[in-house]
Amino acid sequence: MGKFKLWGLKKSPWVFHVAAASCNNCDIEILDVLTPRWDVERFGIVLVGSPRHADVLLVTGVLNRKTLPRVLRVYEETPKPCLVIGVGTCTCHCHMFEKSYNVVGPYDRHLPVDVYIPGCPPKPEAIIMGVVKALQRLG
Amino acid sequence: MNEINSKYRIVPIGPYHPLQEEPEFFKLIVEGERVIDLEINLGYNHRGHEYLAQTMTFDQVPFLVERICGICSNSHPYAYCLAVEDICGIKPPPRAQYIRTIIGELERIHSHYLWLGLAGHFIGYNTVWMWVWRYREPLLDLFELIMGNRNHYAINKIGGVRRDILPEDYPKIEEYLDLLEEKTTMFTKAILDDPVIRARLEGVGILKKEDAIAYGVLGPTARASGIAIDVRKDDPYDAYDKVDWDIIVFEEGDVLAKAKVRLLECFESIKIVRQCLKNMPEGPIETRIEDIPAGEGIGRHEAPRGEVFHYVRSDGSNMPVRHKIRAPSYMNIASNVAAVKGYSIADAALILAAVDPCYCCTERTIVYENGVKKYTGKDLLRLSWEKTEELKRKYRR
């Protein structure tokens, strides 16, 4: 059953976009990936409106004290198995906000992240490559 | 809202919802389909920029303030550099001033295109979104050509700019500008002639002039409500007083007027960039600064959403002692309360987005401790009163 589910995840992954405390740039680049120049909808990748419909969570920005419980709740609401992809340098190591009083540390302390896409912001090509790598991990 | 009885219902929007990219929380209080009140709860994006700026050297801060917001990633460093130059009492060389103006205006076009696309998305007209964002891409290519990155440009530095625009790039920029002008004309015609868009935007979310003044709104939101306010005209800096352009003002105050202001501003921006390219002076691109004296300075820049204000105080060391930022959305978001009352829930989403809110710019001012809000507005007011009283006692003879 688990293997079957993972196989199902590989085809046409539906994506929910969670902006923790980002500067908006990664979010815009994610939307850019959907617009005509890259148009990932032709591979069946769709941005959905609810975490309950999603196979993949795209997280952007640093986690702060106010967004941490909300992001965890969104993660719990997502049907498992699901993939979590961290977009941007902020998700990798908090970027330059590491010393801020309101930032609670990198993502891997709080939820399992499958693939990190570094860059500030990563180019749309890099985001597509990250999603492809995440799907390849499923075997 | 203690007086709410069973007749009213609450519709929560957020913090994670399909509509907008950033986390924010709106509580719509509705009676049937009609919105009668709005509560705004922000602070999800608080990252402590002002504190972090005080732990960095003056040269590092532009990179930090650039990451306040990805859309205005030129405006914040621009205003910061103006503030520090105000402390030093210097002006960048003319060529640097022209380059800054060009980048500022190109950023305005990119931001207005972005809003236009998202507005189409909010009314469920995804064709507008796809078309507009398709023609935003050449602009990002232009940024990559001039500055080497699509979004965070890192062009501003204290005393000038980091990169020159090479003369061999001028024809390429002109080419892109021609394309942008053609496409902006197309969008203006398409949006103003489309009966569907007119039906959704016209007469919706009217922000009256007196409300706009009372809330102190800025930028295109104010200019769509009949207030001709623009830092570029009121307090010209860099090359803005050396070029010929107009402020776009509409009286209606509805969402259509806001869209019209933004569309027509794109033409003005193209005009400014063309004139700057034509009259670009030769010379160096930065003034060398040995050290920053003690003192305080302010910088104001008209960002795509309104006036960005930066205040920097220096004590003669290599780090700012205080750095205060006010982003335009801080004023504009509050005006949603006046604009959204009386309209249906279906229009609320569009009205809330019509001020082009930028939450990541706004949310740096609330104080939190262990996840609990320490100071509310009232508390800060009380603290301020206490301080005033204390000072009065201290200095009264």
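A few notes on this one:
- Neighbouring partner chain Cβ atoms per residue of B:127-136, average, 10 Å criterion: 3
- Debye log10 I(q)/I(0) for the range B:163-295, one point scatterer per Cα, at q = 0.12, 0.18 Å⁻¹: -0.65, -1.06
- For the range B:254-362, taking Cα atoms only, Rg and Dmax work out to 19.7, 58 Å respectively.
- Mean shadow area of the range B:30-105, taken as a quarter of the surface of its Cα convex hull (nm²): 8.2 nm²
- Alpha-carbon centroids, the range B:52-96 and the range B:151-202: separation in whole Å: 23 Å
- When only alpha carbons are used to place a centre, the range B:295-362 and the range A:45-92 end up 27 Å from one another.
- Modelled spin labels at residue B:385 and residue B:321, positioned 7 Å past Cα toward Cβ, are 3.0 nm from each other.
- Remark: the range B:83-124 is approximated by an ellipsoid whose semi-axes, taken from the C-alpha gyration tensor as √(5λ), come to 35, 12, 4 Å, largest first.
- Diffusion coefficient, µm² s⁻¹, Stokes-Einstein with Kirkwood Rh over alpha-carbon pairs of the range B:12-166 at 10 °C and 1.306 mPa s: 88 µm²/s
- Förster-model FRET efficiency, 25 Å R0, residue A:109 and residue A:76, C-beta, rounded to 0.05: 0.90
- With coordinates expressed along the principal axes, the C-alpha atoms belonging to chain B extend over 69, 68, 35 Å, beginning with the largest.
- Total formal charge among the other residues, if their Cβ is under 14 angstrom from that of residue B:28, Lys/Arg +1 and Asp/Glu -1: -2
- Between residue B:290 and residue B:182, the simple spin-label model (points 7 angstrom out along Cα→Cβ) gives 5.4 nm.
- Pair-distance distribution of chain A: all C-alpha pairs, bin width 5 Å, starting at 0; shares per bin in whole percent are 2, 10, 21, 24, 21, 13, 6, 2, 0.
- Kirkwood hydrodynamic radius of the range B:296-339, Cα pairs, Å: 11.9 Å
- Choice from B:186, B:147, B:319 showing the highest fluctuation, given a GNM over chain B with Cα pairs closer than 10 Å: B:186
- Around residue B:110: net Lys/Arg minus Asp/Glu count, Cβ-Cβ under 14 Å: -2
- Neighbours of residue A:75, meaning other residues whose beta-carbon lies under 14 angstrom from its beta-carbon, give a summed charge of 0 when Lys and Arg score +1 and Asp and Glu score -1.
- Cα convex hull of the protein assembly as shown, projected area averaged across orientations, nm²: 27.8 nm²
Each value in this text was obtained by applying a stated rule to the coordinates, not by laboratory testing. Keep in mind that this is a model prediction, so the values were computed, not measured. No Cβ is skipped: glycine too gets one built from the backbone with ideal geometry, and neighbour counts run over all protein chains shown.
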